[in-house]
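*Asks:* Supplied in structure tokens, the structure appears directly below.
The values are calculated or read from the model by the stated rules, or taken from the named source; none is laboratory data. From a predicted model like this one, the values you see are computed outputs, not experimental measurements. Cβ coordinates were reconstructed from backbone atoms using ideal geometry, including for glycine residues, and neighbour counts include every protein chain displayed. Areas reflect the complete protein model, heavy atoms only, side chains present, ligands, DNA and RNA absent. Shrake-Rupley method; radii C 1.70, N 1.55, O 1.52, S 1.80 Å.
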Amino acid sequence: MANVYETVIGLEVHVELSTKTKIFCGCSTAFGGKPNTRVCPVCSGMPGTLPVFNEAVLDHAISLGLATHSEIAKEVLFDRKNYFYPDNPQNYQISQLYHPICQNGYVEIRTGEETQAPLVKRIRIHDIHMEEDAGKLFHDEDGRTSLVDFNRSGVPLLEIVSEPDLAGAEEVKAYLEELRTIIRYLGISDCKLQEGSMRADVNLSIRPLGQKELGTRTEMKNLNSFRAITHAIEAESVRQKEILEGGGEVIMETRRWDEEKGTSFSMRSKEDTRDYRYFPEPDLPPVTVSKERIERLERSLPEMRPEKIERFVKEYGLPVKDVLNLTKEREFAQLFEDAAGLCKNPKKVSNWLLTDTLRLMRERGVDADKLRFSPAHLADLVNLTTAGRINSTVASAVFEKLFEEDIDPVAYVRSMGLEIVTDDKKLRESVLKILSENKEAVADYQAGKQKAIGFLVGQTMKAEGGKADPNLVRKLLVECLEELA
Amino acid sequence: MAKALLSLSAAQLSERIRNKEIRITDVLDAVFETIQKREQELGAFITVDEKGAREQGDALQRRLDVGEDPGPLCGVPMAIKDNICVKGLPTTCGSRMLKEFVPTYDAEVIKRLREAGAIFIGKTNMDEFGMGSYGETSFFGACKNPLDLTKVAGGSSAGSAAAVAAGEAFLALGSDTGGSVRTPAAFCGIVGFKPSYGAVSRRGLVAYASSMDQIGPMAKNVEDAALLLQVIAGEDPMDATSRGLKESVWPIQNRCDLSGIRIGIPSGWLQDQLSGGMRQNLEQAAAALRDLGAAVETFDLGYEDLAVAAYYTIADAQCSSNLARFDGMKYGYRTQDPAASSDLHRMLKQSRSEGFGREVKRRIMLGGFVLSEGYYEAYYLRALKVCRLIREAFTRAFEHYDLLLGPVSGDVAPPLGASFLDNLKMYESDCYTVPANLAGLCALSLPFGANENGLPYGIQLLGDTGCEKGLLEVAALLEAAALPDGYQQAAYGEKGGDLNGECL
């Protein structure tokens, strides 16, 4: 009889921090740029250069530690990790092994949000440590030449190492999304998997259900999207299961995922595991982490998502499902709060954000932090609709302009003459004109075909350029038809 | 005239240049004439930059002529150890690996020296990457002792010591990780000073062992060493381990005597390794200090026997990492073997195997070993613990003594080639110098007496971290007491000319 297995996953997540300058020199951290233009003697490993620690990195690391309920170390101590690779100009990486800046934290993930019984699970964080990124290699098609770009060399990274608390692709996705939300709320990284500012290595093992001891794990690298992560986890679980069922043994190794082929291959096995010969970095004296620094950072922590969710539900009386979507990004939640505060109509603001805004963001590929319209203008638009001054079709069109150009909706509606036509007398003339032009429909109506009224409403609206209040049009039409009868 | 010029100290020289009693071009003539005469047999320099030096000299002279004061080292010809980056000049570290390497930036000390008006005449020969006690492991050949060409100059700052001793330069920079300034200074009969760890910025010094490396002055006398230290020392925001000097060291405060000063001699340094001559001179130095009013006694420091083992464990470990960047990839030597061009690891291995010399490779391998999994705790961590114990022993000692006194080396300069026969013996000979590096102390090597062949003995004065000022004051007094023996002036050029007698 076949065993039932469970998958056990721990993640190593690397996040590139959005500090202005690199971790050990004054070069810019901006993404891209012409190769080797954001380099100096320090980050290109020239002889005689020394690292100087950028303490903005420390602030970011502590903020993340606080947001993940971690213990913060009393001293910053770095270690050297020694290995030879051409993307690493010193052939060692300055990292933290022995005394990571944050330890023993956790994040809470929610799974099954769409179901009746969503689950909250605590994922423990073993440690968060600071280190420097390496450069990038470009391999020529001919396979003979490789070029290296050191622009990324020395960009600050936080590595977030989880305990093996994750049970499958869904939880991994939820964990990564939660981490990303926390980090983006803190504003310390943009966390883009595609650009590599967030990277995840998956440590995965399987074991028969009920067994306590962990199985032998593999480490999966090169996962550049949520889709790749999901595929890789599924494929690796199956691969390990097939090995065990076939009486084999899983080898502890590092594997590389090939998303195109949908399969992974071995990079290096335990036998040739590198000995990184870690030792304390002698060029960087310890930096004391003062109580004052931690308190200052604690005070400046923004309201994090779980608290925000709770407050939005209570304060604005919105459904949890809507609030979850409103709070995914801090900027988005802020936009909601600002606009709702101005127009005192949270439900309407929420609707605009969760329908038209999300749709347009998706269509145009705009991120929440790149939204251009002001909350005041959104509030104005809501006020225009609730006052009945524009109808919903016009409102949608105005919103699209707002989304694109942040127009002032009141001025725009006025200048374009988009307000609902509420002048009864003028509208009555228009209705009479439509009736005289559509004798057939009038006859149909009078013969009892109620459907004809819809056609007449449409014709009138068309004649009015869509600005009339359709309910008023219908009312006038019925009145006039009865007068004609 | 040239001889008279060369017998001036750096402080005297710069004063006369600034007073326009001497023109810089005459100084450079004298220096390059000496280099012309002696360099062939000495091998003190790897690069001599006469053109650059002349340009610097002309620029300084023009500034002087329009009434500017270019600084306290105005017009002083200096030799720079070849592991200190000078923009535009090759910085080889005495290695085939960096034979063609030209740095794109000035070391912090070079910046400070430029601002003080010093002239860089060239880069000096050294043990490869600073690894050697006798100045014999350079890819460019051994540097010889100007006092006796059959003897070593001492290492690793061999060329810097030889250049000053031979009158090829008025001042030099060396670097001292385990005695590399003090040992060659002692063997060549000049003053060498290792500042407290952090007094001088290491930015631009090609690292050997980061936690012990310090750039230090090499000079004809204590006053010049103090002047040079004053110029190069200082906190540098680009070196996180730099602290600068606690107190200004120049001009040296003249003391009349040493009454109230307590000086200790670690008894562990008076054991079997010490030659009779060295012991005798050390005793004479102690007597001279007593004559000046100091209380001198021997005491038990502790851990003297562990210093060399701890030092080589730590230094080798750090060098294995610091030298990893030399891989033939970005700069430096790359193997010419076509078979290596298509295989990354073969290219790396072969470039490093061919680019580094024996001693460097030995230390990289030892260092890799003591850091590797399963050995790190037993070797590296234990060595760090010993280092801490030694530091604590010194802290206790400095509660009782203002300064410590000891030898620099067990004897005078040994014959060329002897170190290659017994590697361990060379390591062991560092036992008097490495403790200062392990503990971050300041220490000065002062010529004191000579053997029957005129080879100088070096004695060492050690001060607690940050106590440069007091150390230099005592050293200046002891130096004056040592002078009647007269070997010193012989060390840097024969006497003669109209300025005779005015120096020192």
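*Asks:* What is the one condition in (1) of a type in the set (A, V, I, L, M); (2) open to solvent by less than 10 Å² (accessible area, probe 1.4 Å); (3) more than 16 Å from A:HIS129 (Cα to Cα) that A:ILE182 does not satisfy?
*Replies:* (2)
*Asks:* Can you tell me which residues in the stretch A:41-90 are in a loop (DSSP other than H, G, I, E, B), more than 11 Å from chain B (Cβ to nearest Cβ) and among the charged types (D, E, K, R)?
*Replies:* Matches in the stretch A:41-90: A:LYS74 only.
*Asks:* Just wondering, is there one or more residues in the stretch A:96-110 that are away from chain B (no Cβ under 14 Å), outside any loop (DSSP other than H, G, I, E, B), open to solvent by 10 Å² or more (accessible area, probe 1.4 Å) and touching a His at 6+ places or on another chain (Cβ under 6 Å)?
*Replies:* So far as the stretch A:96-110 goes, yes, one or more of its residues are away from chain B (no Cβ under 14 Å), outside any loop (DSSP other than H, G, I, E, B), open to solvent by 10 Å² or more (accessible area, probe 1.4 Å) and touching a His at 6+ places or on another chain (Cβ under 6 Å).
*Asks:* Oh, and also: Please tell me if A:SER162 is in contact (Cβ under 8 Å) with a residue 24 or more places away in the chain and closer than 30 Å to A:PRO35 by Cα.
*Replies:* Considered against the rule, which asks whether it is in contact (Cβ under 8 Å) with a residue 24 or more places away in the chain and closer than 30 Å to A:PRO35 by Cα, A:SER162 comes out as no.
Residues are listed down the side, and each one gets a yes or a no for (1) over 25 Å from the mean Cα position of the chain (by Cα); (2) loosely packed, with under 15 Cβ neighbours inside 10 Å; (3) outside any helix (DSSP H, G or I):
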position	(1), (2), (3)
B:PRO251	no, yes, yes
B:LEU258	yes, no, yes
B:GLY302	yes, no, yes
B:TYR311	no, no, no
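*Asks:* Among the helices (runs of 4 or more DSSP H) contained in the stretch B:330-433, which hold 3 or more residues that are open to solvent by less than 50 Å² (accessible area, probe 1.4 Å) and away from chain A (no Cβ under 12 Å)?
*Replies:* B:358-371, B:382-400, B:423-428
*Asks:* Assess whether B:MET97 counts as being part of a helix (DSSP H, G or I) and either touching an Asp or Glu at 6+ places or on another chain (Cβ under 9 Å) or open to solvent by 20 Å² or more (accessible area, probe 1.4 Å) (or both).
*Replies:* yes
*Asks:* Of everything in the stretch A:123-161, what is open to solvent by 50 Å² or more (accessible area, probe 1.4 Å) and on the phi > 0 side of the Ramachandran plot? Give them in sequence order.
*Replies:* Matches in the stretch A:123-161: A:GLY143 only.
*Asks:* I'd like the full set of residues that are surrounded by fewer than 22 Cβ atoms within 10 Å (Cβ to Cβ) and more than 18 Å from B:ILE46 (Cα to Cα), limited to the stretch B:71-94.
*Replies:* B:GLY71, B:PRO72
*Asks:* Going through A:GLY10, A:GLY26, A:GLY33 one at a time, which residue ends up being under 30 Å from the mean Cα position of the chain (by Cα) and free of Cβ contacts under 8 Å to residues at least 60 places away in the same chain?
*Replies:* Criteria check complete, one pass: A:GLY26.
*Asks:* Another question, then. Can you find a residue that is surrounded by fewer than 19 Cβ atoms within 10 Å (Cβ to Cβ), touching a helix residue (DSSP H, G or I) at 6+ places or on another chain (Cβ under 7 Å) and either touching a residue at least 60 places away in the same chain (Cβ under 8 Å) or within 30 Å of A:ARG180 (Cβ to Cβ) (or both) anywhere in the stretch A:376-396?
*Replies:* Yes, the stretch A:376-396 contains at least one residue that is surrounded by fewer than 19 Cβ atoms within 10 Å (Cβ to Cβ), touching a helix residue (DSSP H, G or I) at 6+ places or on another chain (Cβ under 7 Å) and either touching a residue at least 60 places away in the same chain (Cβ under 8 Å) or within 30 Å of A:ARG180 (Cβ to Cβ) (or both).
*Asks:* Within the stretch B:261-278, can one find any residue that is in a loop (DSSP other than H, G, I, E, B) and either among the β-branched types (Val, Ile, Thr) or more than 30 Å from B:VAL386 (Cβ to Cβ) (or both)?
*Replies:* Within the stretch B:261-278, the first condition is being in a loop (DSSP other than H, G, I, E, B), and the residues that meet it are B:261, B:271-275.
Within this subset, residues satisfying the condition of being either among the β-branched types (Val, Ile, Thr) or more than 30 Å from B:VAL386 (Cβ to Cβ) (or both) are B:261.
Among the residues of the stretch B:261-278, at least one is in a loop (DSSP other than H, G, I, E, B) and either among the β-branched types (Val, Ile, Thr) or more than 30 Å from B:VAL386 (Cβ to Cβ) (or both), which makes the answer yes.
*Asks:* If you go through the stretch B:453-476 one residue at a time, do you hit one that is at pLDDT 95 or above, open to solvent by 20 Å² or more (accessible area, probe 1.4 Å), among the hydrophobic types (A, V, I, L, M, F, W, C) and not assigned by TED's automatic domain parsing to the domain that holds B:VAL360?
*Replies:* Within the stretch B:453-476, one or more residues are at pLDDT 95 or above, open to solvent by 20 Å² or more (accessible area, probe 1.4 Å), among the hydrophobic types (A, V, I, L, M, F, W, C) and not assigned by TED's automatic domain parsing to the domain that holds B:VAL360.
*Asks:* Given the conditions (1) touching a strand residue (DSSP E or B) at 6+ places or on another chain (Cβ under 6 Å); (2) surrounded by fewer than 24 Cβ atoms within 10 Å (Cβ to Cβ), and given that B:THR124 satisfies all but one, which numbered condition is not satisfied?
*Replies:* (2)
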